[in-house]
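Q: First the structure, then my questions, so here it is.
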């Protein structure tokens, strides 16, 4: 007879697996872990510099962008955890939300935001994210049976069946983690434009370097490409 309830036993098994996956991912991820810290440090440092300042009531566009940026930053930790601990379908859904947040901020910037409508990923400021959105949608969408089978199926000898315990997938983790870091860099750029509009100040030299270093790692790992027209 189990000492604990089935729910507690299952949670314990899942948490143990997630801890093992995080250790393994940390070993395999290499500089991507640093890229995440660099990118997030850039936007956090900028917020810290401006957080004590007072400013008068702002336009609907500025208020909307501030709220969206805050929501994005609040969700960074849980998204990183989902990727690093093997919860890939949940991570893809969180990354979709991050990308939609970027698009919504872009719509506010262009005075095109409409309440209650899903942001348009094809707007000018996020038009390069179409491939990302399609990939994330395929991973997160419950109707994609082939992909869902790959995410939750374990093979052991002649046995091949779904499992309730997270399984490690290095290729998928790298794709999702790279996207997450890239989106953090993009929200940093949007935040910089926001603060320039309010305070006429943006990233410091050090914060700019942090973002650039993060992008450099993504480029080196071939997780992003330089646009051909640059």
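The values are calculated or read from the model by the stated rules, or taken from the named source; none is laboratory data. Note that the structure is predicted; figures quoted are calculated from it, not measured. All Cβ positions, glycine included, derive from the backbone under ideal geometry; neighbour counts span all protein chains shown.
Q: Going by what's in this entry, would residue 49 be described as surrounded by 13 or more Cβ atoms within 10 Å (Cβ to Cβ) and at pLDDT 95 or above? Let's see the steps before the verdict.
A: On the way: surrounded by 13 or more Cβ atoms within 10 Å (Cβ to Cβ): yes; at pLDDT 95 or above: no.
It is false that residue 49 is surrounded by 13 or more Cβ atoms within 10 Å (Cβ to Cβ) and at pLDDT 95 or above.
Q: Regarding residue 126, is this residue modelled with pLDDT under 60 and crowded, with 17+ Cβ neighbours inside 10 Å? Walk me through it before giving the result.
A: Numbers: modelled with pLDDT under 60: yes; crowded, with 17+ Cβ neighbours inside 10 Å: yes.
So residue 126 passes the test.
Q: Filter the stretch 197-222 down to the residues that are closer than 18 Å to residue 47 by Cα and modelled with pLDDT under 95, then identify the one that is surrounded by the fewest Cβ atoms within 10 Å (Cβ to Cβ).
A: Result: 200.
Yes/no matrix, rows are residues, columns are (1) in contact (Cβ under 8 Å) with a residue 24 or more places away in the chain; (2) surrounded by fewer than 21 Cβ atoms within 10 Å (Cβ to Cβ); (3) over 23 Å from residue 173 (Cα atoms):
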site	(1), (2), (3)
26	yes, yes, no
36	yes, no, no
45	yes, yes, yes
56	no, yes, yes
62	yes, yes, yes
67	no, yes, yes
75	no, yes, no
79	yes, no, no
92	yes, no, no
